[in-house]
Amino acid sequence: MDPVVLFFLLGAFARIAKSDLRLPEALYETLSIYLLLAIGLKGGVEIAKHSLGAVAPQAIAVIAMGAMLPLIAFPILRIFAKLARADAGNIAAHYGSVSVVTFAVGIAFLARQQVPYESYFPLFVALLEVPGIVVGILLAKMGRESAEGKPVQWGPLSHEVLLGKSVVLLVGGIIIGWIAGPQGIDPFKGLFFDLFRGVLALFLLEMGLVAAGRIADLKSRWLFMLGFGTLMPICFAVIGILLGKMLGLSVGGMTLLGLLAGSASYIAAPTATRIAIPEANPGLSIGLALGVTFPFNITLGVALYHAIAQRLA
Amino acid sequence: MDPVVLFFLLGAFARIAKSDLRLPEALYETLSIYLLLAIGLKGGVEIAKHSLGAVAPQAIAVIAMGAMLPLIAFPILRIFAKLARADAGNIAAHYGSVSVVTFAVGIAFLARQQVPYESYFPLFVALLEVPGIVVGILLAKMGRESAEGKPVQWGPLSHEVLLGKSVVLLVGGIIIGWIAGPQGIDPFKGLFFDLFRGVLALFLLEMGLVAAGRIADLKSRWLFMLGFGTLMPICFAVIGILLGKMLGLSVGGMTLLGLLAGSASYIAAPTATRIAIPEANPGLSIGLALGVTFPFNITLGVALYHAIAQRLA
Amino acid sequence: MDPVVLFFLLGAFARIAKSDLRLPEALYETLSIYLLLAIGLKGGVEIAKHSLGAVAPQAIAVIAMGAMLPLIAFPILRIFAKLARADAGNIAAHYGSVSVVTFAVGIAFLARQQVPYESYFPLFVALLEVPGIVVGILLAKMGRESAEGKPVQWGPLSHEVLLGKSVVLLVGGIIIGWIAGPQGIDPFKGLFFDLFRGVLALFLLEMGLVAAGRIADLKSRWLFMLGFGTLMPICFAVIGILLGKMLGLSVGGMTLLGLLAGSASYIAAPTATRIAIPEANPGLSIGLALGVTFPFNITLGVALYHAIAQRLA
Amino acid sequence: MQTHPKKLLVIIAEAALEKLLVKEARHLGAHGYTVAEVHGGGATGARDADWEGNRSIRMEVICDEAVAQSIAEHVLNSYCKNYSVSIFLADVEVLRPGKF
Amino acid sequence: MQTHPKKLLVIIAEAALEKLLVKEARHLGAHGYTVAEVHGGGATGARDADWEGNRSIRMEVICDEAVAQSIAEHVLNSYCKNYSVSIFLADVEVLRPGKF
Amino acid sequence: MQTHPKKLLVIIAEAALEKLLVKEARHLGAHGYTVAEVHGGGATGARDADWEGNRSIRMEVICDEAVAQSIAEHVLNSYCKNYSVSIFLADVEVLRPGKF
Ligand SMILES: Nc1ncnc2c1ncn2[C@@H]1O[C@H](COP(=O)(O)O)[C@@H](O)[C@H]1O
Ligand SMILES: Nc1ncnc2c1ncn2[C@@H]1O[C@H](COP(=O)(O)O)[C@@H](O)[C@H]1O
Ligand SMILES: Nc1ncnc2c1ncn2[C@@H]1O[C@H](COP(=O)(O)O)[C@@H](O)[C@H]1O
Ligand code: NA
Ligand code: NA
Ligand code: NA
């Protein structure tokens, strides 16, 4: 297990054991801003080295995958879990989008195993943030205008999603890294690259505290939540890995695309869906994304997906 | 354009596009404390290498310049812009003092161009903080004791200005750097020197958010504000550059003295004048200093002043 | 004097001179979390290199010392200072436990003097946190159940002390460092090791502000507080140094054990005693620990204890 | 010194609603508002402010009784069903009646 | 719109007491609470929130008069002697009486 | 339990005024004060707390009616013209009348 995950476990332990350890909210925000920017910058610098022509078709396929995943999750949630349309769409939106921190743990994992991957991957992270959310909300709202009164206000919503802080920082970082190029970015390496793993460790400590705090959300439907929260990611990961193979990605790239597909958003998706799908229960979606899938992915998932990618390569 | 400025533009874009990106207030404060201390420390270490005898006459000339600049700005604001005495004095105080972050962008610019400069310059930054503010307030209050009742309370005011956090951290950093010397400061290099540019980038992201938020202040008098906010700095910068030449500074030093003269304070001056000149409109002075002059100086001004310095050298 | 102490003096000056310099509370918390984790990690990595068998007897002796120190302080406070039982026990709890930041200054001091020490020392810090607090509270509460009504609730109390954030982070850091080992910890070095001294400097700036703010607590009993706050640490330090000699520690290790014995807790102890000994006056204990002993130890104490350790070695 | 009666409307809600609440309160006649960041707990469990989705705000609006009533009613109808929201009203006195 | 009278109980106290106050208020009948981090000063000097021991909270509980009285009395008896605590009560109106 | 009527004075103001307000309130007879950091908006636009000049505080003073009146009047006369300030008063009850 990557040492970075030990910090997550420490945080989770502290919360479960009711320690008074708390990270200030400002630190949580700061670390997440840092991680988004740093990932974007790193990706942008790499994109500067590649021709966009080669990346473009992959990018389109990745977007399509993001839009398709909720279409798989939604009927499963409706039929097997018998969830209301709003809840099913809401959860589908979370799993259609991606978790940037899960991605960061993934690149730490690959770096430790010395497995190379397509270095422009942060671009895919940015591209995967939005489509799944939009499709999930569409599913939640289909044929509902009459029922609950308010239709979705797509204007404000698309504004919120496309200009949400995670997209702005990730895409902004990519563009700055791209323009600055490897030399221009050099003076920022001290902060944004050398400290990356340490900051990730600190953030995972906080995530451990937060994720363990979500365990209460599991109490009413824990069997469904544990099942869906681990099996859905594995299933999505296989889809991502297979797509990676089709797109000619390396084993590292296949692993990362699987991990992204299998990860669930807990920054952009909750923000957008809370307003767009008011009648959905956030305890359910957050409990799943943060309380089950995030811990599963960073502790077991990433190694599992890597093994699968090696098999299928 | 220096990549560091791209972070500013990203922040400004996020704000103008109404993104929900916000940096926690505690981060803003932390970064500004860091920058002040780091600049001070760097300067102090350098001063340790020089004889004070050589620097003293320059220091006196620099203080005199700081006290003189408001005397130029004030009549212009009174006569051409027809501002009330309080507003004219208030704005003169802002432009008489300096912006430490603008200075930081200046040294990043010179480092990138590999232009050397007098390394004890942080001392001048500290010396320029206060005189302009005091003269600006004096101008605002001249012959006013009767009118608005309350005379300025010079005791508390001078306490506030001389012991304001920017002066304390800058001067404190200089003294610590001086005492510790190059070797003593070595263990702190990791934090205070190696990360400097990255932290500056992060701070400029925040400054972009803040500065773009000031655009609303421009709506009523935008023509005056755009004009004064760009022409006054250029004019002051030329004065600074010429003084630098007279003092025998290098081209880098002339550029920096020009940049300092042309910069407007947005930490020390607003704090001091808000209490000392209550009847002045802070929207006007902040709109100018933060909404116009700061962006102008870091994007275009610094390169312009460098070109002028090269000409005049 | 170590340059790190100059930051403390700068903070103390700013507070005494009534500067408006303030560090955001979130920064204070962040820095203290960082220091605890970093010290733990460093210790854990070193423990990985040693056999536990050799350390275990030392560890037991160290715990015994922590439990014994309050038994010395308590009668002194009762008899000579004529303090109430609650106050005497409360202060004894503070001095029985340890100050992690004082320890950090100690290792910075030894690093500067290039004096080696037993690198698993952070383990002793963790072991010394708790016993002194428990014994101090026991002393405060002996034979009191009738008097003030409420008996101490040992269940919640022991939970609070053993799972307080300083113990969790220190022990958590040790365990992570231990598991990860020197190679596993490598990616975190950038944040947790290279920046350590700089972060310590920043924290001491804050501690200067806080400690100087405690001076008001001294006003009523300043003679007692100055006397006890400097003589008790020296006396405890000698005990620690002698124990270090008995345990066969190096001169560096003797110095550190003396410094730990002579230091007073201001994180774990105040939190625990505020609830467990409500009738004790926190102004007294905090005034002593933070206003007198902490400044004394980091400015003069550490050098004094080192000199004593050299003599006694 | 003459004082004038007004209503103080306090809305405690998920932070996600802040932008909407401010816009709608202004629209319904509020001249201003003040917001504090808080944490708390109620029927829907603890809201600890330990991460973004868990933050709460406490919004205060000083206004005429009619405005307070219409904002309160609007919030009750629009948000109380699906969001964690608490509302209360109190009588206060102000010095400058035109301001609120 | 119909409103219903309730009591607002406000307790300003050292942050160290928060966990206990929440537990005891719930125990004495409060359905919820809201906490803001504050600083201040009083008889025992300034509490500046400059370090952990110096932080204060402002806790609000909306409840029935009887519950407010019993919480207030409990806090007065348990904490006011040894801790920095201020308490006050005010009349407020709520829209959903069952909630509080 | 016996309660005693007092006034609660609330001043919402630019953070730059905090030190002055505390000093003057004490001078005019307040025994204590409690301050929360807030943001908000009013006639002079939004005060977002996004940088130093833009921060606001909400200061509470529990005191006798006469003291509340004199502080309110002083603030009105000294600051309301040139600064962003809102003031209101409310009736509250306290348990320990001597404290406030
Ligand atoms: N009785 C109460 N007194 C004070 N605040 C309350 C009360 N009930 C609820 N709240 C606040 O309103 C939020 C949402 O409450 P609820 O919807 O009941 O979970 C809580 O997190 C509290 O901040
Ligand atoms: N008259 C008052 N008005 C408002 N808040 C007060 C008042 N007196 C005390 N407080 C608050 O209660 C805390 C403790 O007060 P004390 O126990 O008097 O030191 C102070 O730090 C203030 O936050
Ligand atoms: N009607 C109101 N209700 C609550 N707070 C207000 C109101 N009007 C103004 N404020 C607060 O007072 C501050 C200054 O208001 P103003 O001077 O009107 O811009 C605002 O930033 C708000 O925090
Ligand atoms: Na996904
Ligand atoms: Na200037
Ligand atoms: Na000790």
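The values are calculated or read from the model by the stated rules, or taken from the named source; none is laboratory data. These numbers were taken from a predicted model, which means no experiment stands behind them. Reconstructed Cβ throughout: ideal geometry from the backbone, glycine too, with neighbour counts over all protein chains shown. Areas reflect the complete protein model, heavy atoms only, side chains present, ligands, DNA and RNA absent. Shrake-Rupley method; radii C 1.70, N 1.55, O 1.52, S 1.80 Å.
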**Study point:** Unmet requirement for residue B:163, which otherwise passes all of (1) surrounded by 22 or more Cβ atoms within 10 Å (Cβ to Cβ); (2) at the interface with chain C (Cβ under 9 Å from one of its Cβ atoms); (3) under 25 Å from residue B:95 (Cα atoms)
**Key:** (1)
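Got a sec? Which helices (runs of 4 or more DSSP H) wholly within segment B:18-127 have at least 1 residues that are open to solvent by less than 20 Å² (accessible area, probe 1.4 Å) and within 14 Å of chain C (Cβ to nearest Cβ)? Lay out the reasoning, then the answer.
Details: elements: B:25-47, B:52-79, B:85-96, B:100-113.
Hits in segment B:18-127: B:25-47.
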**Study point:** Unique residue being crowded, with 18+ Cβ neighbours inside 10 Å, facing chain E (nearest Cβ under 10 Å) and more than 16 Å from ligand 1 (Cβ to nearest atom) when the list is F:89, F:8
**Key:** F:8
Practice item. Might you let me know whether segment A:186-205 holds any residue that is more than 10 Å from every other protein chain (Cβ to nearest Cβ) and in a helix (DSSP H, G or I)? Key: yes
**Study point:** Test: residue F:15 is open to solvent by less than 20 Å² (accessible area, probe 1.4 Å), within 14 Å of chain E (Cβ to nearest Cβ) and away from ligand 6 (no atom under 16 Å from the Cβ)
**Key:** no
Review point. If you go through segment D:57-83, how many residues are away from ligand 3 (no atom under 16 Å from the Cβ) and open to solvent by 50 Å² or more (accessible area, probe 1.4 Å)?
Key: 4
Check your understanding: Using beta carbons and a limit of 6 Å, which pairs, at least six apart or on different chains, have the first residue in segment B:116-137 and more than 19 Å from residue B:36 (Cβ to Cβ) and the second one within 14 Å of ligand 5 (Cβ to nearest atom) and open to solvent by 10 Å² or more (accessible area, probe 1.4 Å)?
Key -> B:135/B:67
Check your understanding: Within segment B:211-221, is even one residue over 30 Å from residue B:26 (Cα atoms) and either open to solvent by 50 Å² or more (accessible area, probe 1.4 Å) or among the hydrophobic types (A, V, I, L, M, F, W, C) (or both)?
Key -> yes
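Take residue F:3 and tell me if it is among the polar types (S, T, N, Q) and under 14 Å from the mean Cα position of the chain (by Cα).
So residue F:3 fails the test.
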Review point. In segment D:65-82, which residues are under 14 Å from the mean Cα position of the chain (by Cα) and in a loop (DSSP other than H, G, I, E, B)?
Key: D:80
Check your understanding: Pick from segment C:239-248 the residues that are open to solvent by 10 Å² or more (accessible area, probe 1.4 Å) and more than 12 Å from residue C:310 (Cα to Cα): which of them is nearest to the other protein chains (Cβ to nearest Cβ)?
Key -> C:239
**Study point:** Unique residue being acidic (Asp, Glu) and closer than 19 Å to residue C:276 by Cβ when the list is E:37, E:18, E:73
**Key:** E:18
Review point. Restricting attention to segment E:18-36, which residues are touching a Lys or Arg at 6+ places or on another chain (Cβ under 7 Å) and open to solvent by 40 Å² or more (accessible area, probe 1.4 Å)?
Key: E:31
Review point. If we keep just the residues of segment E:25-60 that are part of a loop (DSSP other than H, G, I, E, B) and under 19 Å from residue D:88 (Cα atoms), which is farthest from ligand 5 (Cβ to nearest atom)?
Key: E:29
Check your understanding: Filter segment A:251-285 for residues that are among the β-branched types (Val, Ile, Thr) and open to solvent by less than 10 Å² (accessible area, probe 1.4 Å); which is farthest from ligand 6 (Cβ to nearest atom)?
Key -> A:277
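If you take the residues in segment C:128-144 that are assigned to a helix (DSSP H, G or I) and open to solvent by 20 Å² or more (accessible area, probe 1.4 Å), which one is nearest to ligand 2 (Cβ to nearest atom)?
Of the residues in segment C:128-144, the ones assigned to a helix (DSSP H, G or I) are C:128-129, C:131-141.
Those still in the list that are open to solvent by 20 Å² or more (accessible area, probe 1.4 Å) too: C:131, C:134-135, C:138, C:141.
Details: C:131: 33, C:134: 29, C:135: 30, C:138: 29, C:141: 24 Å.
The extreme case among them is C:141.
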Review point. Has segment A:265-281 got any residue that is closer than 17 Å to residue A:77 by Cβ, among the β-branched types (Val, Ile, Thr) and more than 14 Å from chain C (Cβ to nearest Cβ)?
Key: yes
Point to revise | Hits in segment F:32-77 - residues which are aliphatic (A, V, I, L, M), closer than 22 Å to residue E:40 by Cβ and at the interface with another protein chain (Cβ under 7 Å from one of its Cβ atoms) | key: F:35, F:36, F:38, F:49, F:62, F:72
Point to revise | Pair list, Cβ under 9 Å, 6 or more apart: segment B:167-182 residue more than 8 Å from every other protein chain (Cβ to nearest Cβ), other residue outside any helix (DSSP H, G or I) and open to solvent by less than 10 Å² (accessible area, probe 1.4 Å) | key: B:177/B:185
Practice item. Starting from segment D:87-99, keep only residues that are outside any strand (DSSP E or B), then list their pairs with residues that are β-branched (Val, Ile, Thr) whose Cβ atoms are within a distance under 6 Å, requiring at least 6 positions of separation or different chains. Key: D:95/F:87
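Is there a residue in segment C:175-184 that is open to solvent by less than 40 Å² (accessible area, probe 1.4 Å), under 18 Å from the mean Cα position of the chain (by Cα) and either more than 16 Å from ligand 4 (Cβ to nearest atom) or within 20 Å of residue A:205 (Cα to Cα) (or both)?
Here is the first cut: in segment C:175-184, the residues open to solvent by less than 40 Å² (accessible area, probe 1.4 Å) are C:176-177, C:180-181, C:184.
When the remaining residues are screened for being under 18 Å from the mean Cα position of the chain (by Cα), the result is none.
Scanning segment C:175-184, I find no residue that is open to solvent by less than 40 Å² (accessible area, probe 1.4 Å), under 18 Å from the mean Cα position of the chain (by Cα) and either more than 16 Å from ligand 4 (Cβ to nearest atom) or within 20 Å of residue A:205 (Cα to Cα) (or both), so the answer is no.
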Review point. When you scan segment A:303-313, how many residues do you find that are within 17 Å of the chain's Cα centre (by Cα) and open to solvent by less than 10 Å² (accessible area, probe 1.4 Å)?
Key: 1
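To keep it simple, each residue is scored yes or no on (1) under 21 Å from residue A:23 (Cα atoms); (2) touching an Asp or Glu at 6+ places or on another chain (Cβ under 6 Å).
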position: E:7; (1), (2): no, yes
position: E:28; (1), (2): no, no
position: E:50; (1), (2): yes, no
position: E:64; (1), (2): no, no
position: E:73; (1), (2): no, no
